[in-house]
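The values are calculated or read from the model by the stated rules, or taken from the named source; none is laboratory data. These numbers were taken from a predicted model, which means no experiment stands behind them. When we count neighbours, we look across all protein chains shown, and the Cβ atoms used for this are built from the backbone with ideal geometry, even at glycine.
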Ligand SMILES: Cc1cc2nc3c(=O)[nH]c(=O)nc-3n(C[C@H](O)[C@H](O)[C@H](O)COP(=O)(O)OP(=O)(O)OC[C@H]3O[C@@H](n4cnc5c(N)ncnc54)[C@H](O)[C@@H]3O)c2cc1C
């Protein structure tokens with residue numbers, strides 16, 4: 001582990017000031033489940049951790065049936081998947097939060113950290129993308145909003161500028177008759193990085209899909225939106241054929257690599273299978289709504 005300094009911010013402005021003064025080698029510390037490992041293995045040069053867990057906006061979660069859900073960037077995952085409104089309205093988010101690491105990790109790890117780490121295989125990012133997630137970002141030039149589907153730019157990289165950090169993540173209240181779902185494939189039951197993950201949010205009128213969003217993880221350099229899968233489904237009746245067409249579009253869109261976790265062929269196949277599964281699960285959720 002490299003020697004480094006620790007600073008505890010108690011307000012958003014103080015965190016921004018600490019990050020600015022710390023320069024390029026300062027990092028936000030949320031749960032620490034990624035960044036402490038990276039510092040210990042010297043995968044990143046860090047000389048200052050700015051702890052944001054003592055800032056109330058970053059640690060609170062609010063739900064309102066009109067406005068939707070706002071989750072502080074450092075709220076631990078167990079609070080998110082344990083929340084009755086998240087379970088009822090945003091099952092894609094619940095499912096992703098529930099599988100990240102194990103119980104010990106979930107007591108610390110956060111959505112802001114999962115997004116800030118910008119891994120192509122991050123489990124919560126596809127769920128946040130299909131739920132139209134918007135990050136509230138604070139920085140030296142004030143506040144701005146960044147859509148989660150435009151956040152990651154390359155493995156480990158994002159649109160955040162020096163001194164900026166995510167304060168919270170907002171998810172609008174879904175329209176009536178909407179559903180969402182998230183799935184991943186790993187070769188064992190838990191504590192592994194996704195070979196592929198997939199999320200879907202859709203709206204139906206009877207048997208016709210009127211809106212749909214799809215996202216895939218671990219099939220490209222960043223988590224990916226899949227508009228071709230949405231095109232295959234929107235305006236059409238839900239049948240085995242249209243669901244299969246959306247799966248085929250996901251397979252076509254995926255541009256994975258071979259690595260120790262899976263091959264290109266396996267990942268493309270999984271993109272197809274998982275997209276078909278999340279459609280069926282999201283439809284079930286929509287019908288129950
Ligand atoms: C044993 C183990 C199992 C794991 N399993 C999974 C898994 O199944 N799926 C998965 O996706 N991940 C997994 N992870 C990775 C990790 O737990 C997640 O990415 C987690 O969500 C990170 O959150 P954190 O709060 O701990 O982030 P931290 O480690 O505190 O931060 C991660 C990165 O994001 C930055 N950051 C943190 N918060 C913010 C913010 N608010 N604004 C801007 N930048 C920020 C930090 O500076 C750092 O660069 C695992 C890790 C371990 C150690």
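For the stretch 95-103, the criterion of a residue being at pLDDT 95 or above, in the same structural domain as residue 127 (by TED's automatic domain parsing), more than 11 Å from the ligand (Cβ to nearest atom) and within 13 Å of the chain's Cα centre (by Cα) is satisfied by at least one position. Among the residues here, residue 80 does not qualify as surrounded by 15 or more Cβ atoms within 10 Å (Cβ to Cβ), near the ligand (Cβ under 8 Å from one of its atoms) and either within 19 Å of residue 218 (Cβ to Cβ) or not assigned by TED's automatic domain parsing to the domain that holds residue 220 (or both).
Meeting the requirement of 3 or more residues that are in contact with a helix residue (DSSP H, G or I) (Cβ under 7 Å, 6 or more places away or on another chain), the helices (runs of 4 or more DSSP H) wholly within the stretch 70-132 are 77-81, 91-99, 111-117, 124-130. Residues in the stretch 225-239 that are crowded, with 24+ Cβ neighbours inside 10 Å and either touching a residue at least 60 places away in the same chain (Cβ under 8 Å) or not assigned by TED's automatic domain parsing to the domain that holds residue 279 (or both): none.
Scanning the stretch 152-163 for residues that are over 18 Å from residue 50 (Cβ atoms) and within 10 Å of the ligand (Cβ to nearest atom) yields a single hit, 156. In the stretch 57-65 there is at least one residue that is crowded, with 24+ Cβ neighbours inside 10 Å and either at pLDDT 95 or above or outside any helix (DSSP H, G or I) (or both).
Name the residues in the stretch 35-45 that are surrounded by fewer than 20 Cβ atoms within 10 Å (Cβ to Cβ) and either within 11 Å of the ligand (Cβ to nearest atom) or without any contact (Cβ under 8 Å) to a residue 40 or more places away in the chain (or both), would you? Residues satisfying the conditions are 36, 37, 38, 40, 41, 43, 44. Just name the residue that is surrounded by the fewest Cβ atoms within 10 Å (Cβ to Cβ) out of those in the stretch 121-150 that are within 11 Å of the ligand (Cβ to nearest atom) and under 10 Å from the mean Cα position of the chain (by Cα). The extreme case among them is 121. Remark: residue 68 matches the filter, which requires a residue to be farther than 19 Å from residue 16 by Cβ, more than 14 Å from the chain's Cα centre (by Cα) and away from the ligand (no atom under 12 Å from the Cβ).
Has the stretch 16-25 got at least one residue that is buried (at least 16 other Cβ atoms within 10 Å of the Cβ), in contact with a strand residue (DSSP E or B) (Cβ under 6 Å, 6 or more places away or on another chain) and under 23 Å from residue 106 (Cα atoms)? Checked the stretch 16-25: no residue is buried (at least 16 other Cβ atoms within 10 Å of the Cβ), in contact with a strand residue (DSSP E or B) (Cβ under 6 Å, 6 or more places away or on another chain) and under 23 Å from residue 106 (Cα atoms).
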